[in-house]
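The values are calculated or read from the model by the stated rules, or taken from the named source; none is laboratory data. This is a predicted model, so every value here is computed, not measured. Note: ideal-geometry Cβ built from the backbone for every residue, glycine included; neighbour counts use all protein chains shown. Note: accessible area is taken over every heavy atom of the protein model, side chains too, but ligands, DNA and RNA are not part of it. Shrake-Rupley method; radii C 1.70, N 1.55, O 1.52, S 1.80 Å.
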Amino acid sequence: MISNQILQSTIDGLSRITRLDFGIYSAKGKLLASTASDISTSNPELVSFAQSQADAQTIRGEHFFKVYDGHHLEYILMDRGAGDENLVIGKMATFQLQELITAYKERFDKDDFIKNLLLDNLLLVDIFNRAKKLHIDPEAKRVVYILEPAESSDHQEYLEDLKNVVSSRSGDFITAVDEKSVIIVRELEQDDDYRAAESYAHYVQDIVHRDSSSVVRVAYGTIVNELKEVSRSYKEARTALDVGKIFFEEKDIIAYSSLGIGRLIYQLPIPLCKMFIREIFQGKSPDEFDEETLTTINKFFENNLNVSETSRQLYIHRNTLVYRLDKLQKSTGLDLRVFDDAITFKIALMVVKYMKYMETLDY
């Protein structure tokens, strides 16, 4: 359960304090960590000790102690040096290791619980029973964030780095359910609102970038008031992450509540989208327009269908813009100066963008 690196770090600290050498063996007598190069890498005599009823034993001037995980023998600790004083130190070190096992076990149990909670794998009664056992408040306000690095990286290393740089409170959880993203279940104060949720998203992004120079996209769901609703916030954050990639490429922080019509389009089946495009453009596609036409359309939408402002920003005469809009109307039957036609055209552009994105996922 505990990595050899953590075990090594622990006995290194004990050795600096006590000026003794330590070794940690598996229950089968294999050396896992040590503070001296001359400590034997395996000790057959430990197998007999492990099978005995004794919890401590002295072998050739070295003290050995059993370290349990509950009633299961997990490790054997050795401290080098005879005498009652070193025996007491060995017992204290054994107690320290057992407390470390307990802490890691609770951390593992909580992580497992949060993963199953996010994936909606728990019955309602199990949620409350396990939350009570793990001392997790079932009625705290929470919001789920998903962080996805812009570039591929070692996922486990990225997760550990994030745990180190993001200062989490006792009610927060950082975990992962796939190889692409990291999830933060954030516990909010009772008076926190979406401004606080947005502020935390910026904080996480800034601190990750400052520590590792990594660029991350952050998406988050709605605020929920009960533990059983955390899975909903997670699904919303996942949707926000996907929809953000399609319709909000320029944004690296996206909230589920800000997705607008993109959220509706994302739920449409592809056959329905294709039928819609065929009906609107008579078999053509908006991406078949030349670059000049597409630039004109996008700028016209950016300026809320304002002809004067659009022509000014495009550095063209107003009549030139009117000519382009008239030409577009003849080819599509849609006049972008008419609100209903503009809405139809805007939705069509978004539908095409959505279909293109879905095609990339099929490859």
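Would you work out the charge dipole size for segment 11-123 about its Cα centre, treating the Cβ of every Lys and Arg as +1 and the Cβ of every Asp and Glu as -1, and quote it to the nearest 20 debye?
Details: 12 positive and 17 negative charges, 32 e Å.
Roughly 160 debye, rounded to the nearest 20.
Sum up the charges of everything whose Cβ sits under 11 Å from the Cβ of ALA196, counting Lys and Arg as +1 and Asp and Glu as -1, but leave ALA196 out. If you can, show how the numbers build up before the last one.
Numbers: positive: LYS141, ARG186, ARG195; negative: GLU189, ASP191, ASP192, ASP193, GLU198.
My count for the surroundings of ALA196 gives -2.
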ask   = At ASN298 and THR41, where each label point lies 7 Å from the Cα along Cα→Cβ, what is the point-to-point distance in nanometres?
value = 6.1
key: Theoretical FRET efficiency, 1/(1+(r/R0)^6), r = Cβ-Cβ of GLU106 and TYR194, R0 25 Å, to 0.05   = 0.20
task = Could you pull the accessible area for LYS235 with a 1.4 Å probe, rounded to 10 Å²?
result = 100
task = Give me the angle, in degrees from 0 to 90, between the Cα long axis of helix 194-212 and the longest principal axis of the Cα atoms of the chain, rounded to the nearest 10.
result = 60
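For the chain, give the share of DSSP beta bridges that are antiparallel, in percent and rounded to the nearest 5; count only bridges with both residues there.
Numbers: 36 of 39 bridges.
Expressed as a percentage, antiparallel bridges in the chain total about 90.
Roughly to the nearest percent, how much of the accessible area of the chain is carbon and sulfur, given a 1.4 Å probe? Each step should come with its number before you reach the end.
Working: 10180 of 20340 Å².
Its accessible area is 50 percent carbon and sulfur atoms.
Want the number for LYS180 to SER285: 0.36 nm per residue separation, take away the alpha-carbon distance, what's left? Before the final figure, lay out the partial values.
Working: separation 105, 0.36 × 105 = 37.80 nm, distance 3.27 nm.
Length difference between fully extended and current span is 34.5 nm.
In deg cm²/dmol and to the nearest 500, what is the mean residue ellipticity at 222 nm of the chain if only DSSP H runs of at least 4 residues count, each as -39500 (n - 2.57), divided by the residue total? Each step should come with its number before you reach the end.
Details: 13 runs with 192 residues, N = 363.
Result for the chain: -17500 deg cm²/dmol, rounded to the nearest 500.
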task = Using only Cα atoms, tell me the angle between helix 84-118 and the longest principal axis of the chain; keep it within 0 to 90° and round to the nearest 10.
result = 20
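Rounded, prolate or oblate for segment 253-343? Axes are the square roots of the Cα gyration tensor eigenvalues, ordered a ≥ b ≥ c, and the cut-off for rounded is a/c under 1.5. Don't skip to the answer; put the middle values down first.
Details: a/c = 2.38, a/b = 1.37, b/c = 1.74.
Here segment 253-343 falls in the oblate category.
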ask   = Can you give the extra length, in nm with one decimal, that the chain gains between ASP341 and TYR68 once fully stretched, where that is 0.36 nm per residue apart less the Cα-Cα distance?
value = 91.0 nm
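Sum up the charges of everything whose Cβ sits under 13 Å from the Cβ of GLU309, counting Lys and Arg as +1 and Asp and Glu as -1, but leave GLU309 out. Please list the in-between numbers first.
Numbers: positive: LYS299, ARG312, ARG318; negative: GLU302.
Every neighbour counted, the sum reads +2.
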Residue pairs, from the table LYS115/LYS353; LYS180/LYS299; LYS132/LYS235; LYS251/LYS330; LYS133/LYS180; LYS115/LYS356, whose Cα atoms sit over 28 Å apart = LYS115/LYS353; LYS180/LYS299; LYS251/LYS330; LYS133/LYS180; LYS115/LYS356
request  = Quick one: grab Rg to one decimal and Dmax as a whole number for segment 1-135, Cα atoms only, in Å.
outcome  = 17.8, 56
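Could you state the accessible area per residue of the chain in Å², with a 1.4 Å probe and every protein chain left in place? Provide the component values of the computation, followed by the final result.
Details: 20340 Å² over 363 residues.
Per-residue accessible area for the chain comes out at 56 Å².
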